[in-house]
Amino acid sequence: MNSRAKICLACVQADLIESGYAYWHRAHHVPGVTACWRHGVELLQSCPNCSHPFYRKNKLLPGLTDDCGCGWNAVKPANRLLASNEEREYAIFVNDILQRNLPSVDYQVLAACYRRQAKKHGFFNGNLMGSAKLFTSIRDKFGDDIISKIDLAYAAGVRRQWIRLSTTRGQLDMPLARHLLISLHLFGSAEKFEKCLAEESLLVSSENPTVRLKEKALPESKKKAYQEKISIILEVKPGVGLDYLWANAYQATRWLNENDKDWLLSAITRDVKQKSSVESVVSDEDEKYANILKGGVENLYRITQKQVRVNISNMLALLPRKVSRERATQNSFPLVSEQLELHLESLWHFRLRRFIWTISEIARLKLPPNSSSLKLLTTVPHVARQALINHFEWDLDSMVKESIDGEMMLRNTGVSRQWEGPPGYDMPMGGNAYMEMIASK
Ligand SMILES: [Zn+2]
Ligand SMILES: [Zn+2]
């Protein structure tokens, strides 16, 4: 989010001494932080020697003790620049907030808390919070240079409505660094800020029962959302078990396992039952679809330029509705399954069909039946072509003098659609993979 990775050279040294390894600190990466809360020095975002940035988009961060391309190393002694007091104050405040691990608060509570505290400091305008007065006070305290370092929008010239309590999508419409700067200025310390937030939460919930209701309703809506998530998975992936849910919907599975185990287990069992009941029932469309296949495959077997191998997916593509390979070959479609098995084409038969089409094209276009014509027209591998020519004792030179009826030629070979090929050629051949891929689409 920051597009920056920052280190404190003193921390690198201290880490190595204290824990044996140096690491990227969380507290250095909160938006707006420019100083080390612990050592007070300026954080580096790039090599001080050659200015190569530590952060690079879509790259892993470098190891903190690795040499830079220029030979610089974070462990080597270097001048450390002390950050300004204000930057250090901000860094310390941010780190305290981070360590306190504050609970999330409703934006109404946060806004009310800012308002109340601003008024206490005299930043008010009649009955309203005096945003302009608060803004001026922050500028007086931190100065434009420091605020620009902390808040990039400020650096880019945003001054109007810098403090705003309007909301977008249930949050106050300000960047995080600005919130932190405002809260630092208003509350002075993380401890005070946390205390004020807690008090404000109490006040808001007692004067506004809907907030309390909302908090109470949370587990219920969480439950619903998690149950919905699991239900959808079980619907899309029928028959998956608890293992699958742990791996693919960890949060929901964990929550339900802890809070609503009965529901989770019954959802899984229900799903398995449904699956088996679906399987055992023969589809109403079985016979109809089997007849469609019976008629359709003859078309698939015709010798044309765009012929495809008559495999299961190409046959299933003939059906008016999508039927998965799994369903088609399981109990729900016995007649369809029979047709699929009956008409499945062997690889050699498919090669034969393609080669016959090639020869008929050579004849039609009156090309010489040499290797360059074959190369132009077919992807049947050379070895397979030779095997077919030898096996059927074809004399291409004389065959192509007259026009060729491919269907007739295929019938004359007398081989079945499941033909295993000429004896002795049961081996993988180059040049197939691509065509087979196309054919099985
Ligand atoms: Zn440090
Ligand atoms: Zn460098």
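The rows are residues; the columns are (1) open to solvent by 40 Å² or more (accessible area, probe 1.4 Å); (2) among the aliphatic types (A, V, I, L, M); (3) part of a helix (DSSP H, G or I).
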site: Arg56; (1), (2), (3): yes, no, no
site: Lys59; (1), (2), (3): yes, no, no
site: Cys68; (1), (2), (3): no, no, no
site: Arg80; (1), (2), (3): yes, no, no
site: Tyr90; (1), (2), (3): no, no, yes
site: Asp96; (1), (2), (3): yes, no, yes
Of residues in the stretch 351-410 being assigned to a helix (DSSP H, G or I) and among the acidic types (Asp, Glu), the one surrounded by the fewest Cβ atoms within 10 Å (Cβ to Cβ)
Asp397
Looking across the stretch 1-52 at residues that are within 16 Å of ligand 2 (Cβ to nearest atom), polar (S, T, N, Q) and assigned to a loop (DSSP other than H, G, I, E, B), the single one that is most open to solvent (accessible area, probe 1.4 Å) is Asn49
Scan the stretch 411-441 for residues that are at pLDDT below 50, part of a helix (DSSP H, G or I) and not acidic (Asp, Glu) and jot them down.
Asn432, Ala433, Tyr434, Met435, Met437, Ile438, Ala439, Ser440
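Let's see how each residue does on (1) among the hydrophobic types (A, V, I, L, M, F, W, C); (2) in a helix (DSSP H, G or I); (3) at pLDDT below 90:
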| site | (1), (2), (3) |
| --- | --- |
| Ile230 | yes, yes, yes |
| Val240 | yes, no, yes |
| Ala247 | yes, yes, yes |
| Glu279 | no, yes, yes |
| Ile292 | yes, yes, no |
Kindly indicate which of Ala111, Ala156, Ala132 is assigned by TED's automatic domain parsing to the domain that holds Leu184, aliphatic (A, V, I, L, M) and in contact (Cβ under 8 Å) with a residue 60 or more places away in the chain.
Ala111
When Leu43 is evaluated against the numbered criteria (1) in contact (Cβ under 8 Å) with a residue 60 or more places away in the chain; (2) within 12 Å of ligand 1 (Cβ to nearest atom); (3) not hydroxyl-bearing (Ser, Thr, Tyr), which criterion, by number, is the only one it fails?
(1)
Hey, Gln305 hits all of (1) modelled with pLDDT under 90; (2) touching a helix residue (DSSP H, G or I) at 6+ places or on another chain (Cβ under 6 Å) but one; which does it fall short on?
(2)
Look through Thr34, Thr65 and report the one residue that is away from ligand 1 (no atom under 11 Å from the Cβ) and touching a residue at least 60 places away in the same chain (Cβ under 8 Å).
Thr34
The lone exception for Ala74 - which of (1) exposed (fewer than 14 other Cβ atoms within 10 Å of the Cβ); (2) within 14 Å of ligand 1 (Cβ to nearest atom); (3) not acidic (Asp, Glu) it fails
(1)
Residue count for the stretch 98-108, restricted to those that are away from ligand 1 (no atom under 16 Å from the Cβ) and part of a helix (DSSP H, G or I)
3
Would you be able to tell me the number of residues in the stretch 53-71 that are within 16 Å of Ala22 (Cα to Cα) and within 16 Å of ligand 2 (Cβ to nearest atom)?
9
Go through (1) within 9 Å of ligand 1 (Cβ to nearest atom); (2) in contact with a Lys or Arg (Cβ under 8 Å, 6 or more places away or on another chain) for Val12 and report which single condition fails.
(2)
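When you go through Leu396, Leu377, Leu367 one by one, which is the residue that is under 47 Å from the mean Cα position of the chain (by Cα) and over 30 Å from Glu341 (Cβ atoms)?
Residue meeting the stated conditions: Leu377.
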Just give me the residues in the stretch 142-179 being part of a loop (DSSP other than H, G, I, E, B), open to solvent by 30 Å² or more (accessible area, probe 1.4 Å) and closer than 14 Å to Pro31 by Cα, in sequence order.
Pro175
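The values are calculated or read from the model by the stated rules, or taken from the named source; none is laboratory data. Everything quoted here is computed from the prediction, not taken from an experiment. Note that we place each Cβ from the backbone using ideal geometry, even for glycine, and neighbour counts take in every protein chain shown. Protein only, heavy atoms only, side chains kept; ligands, DNA and RNA dropped before computing areas. Shrake-Rupley method; radii C 1.70, N 1.55, O 1.52, S 1.80 Å.
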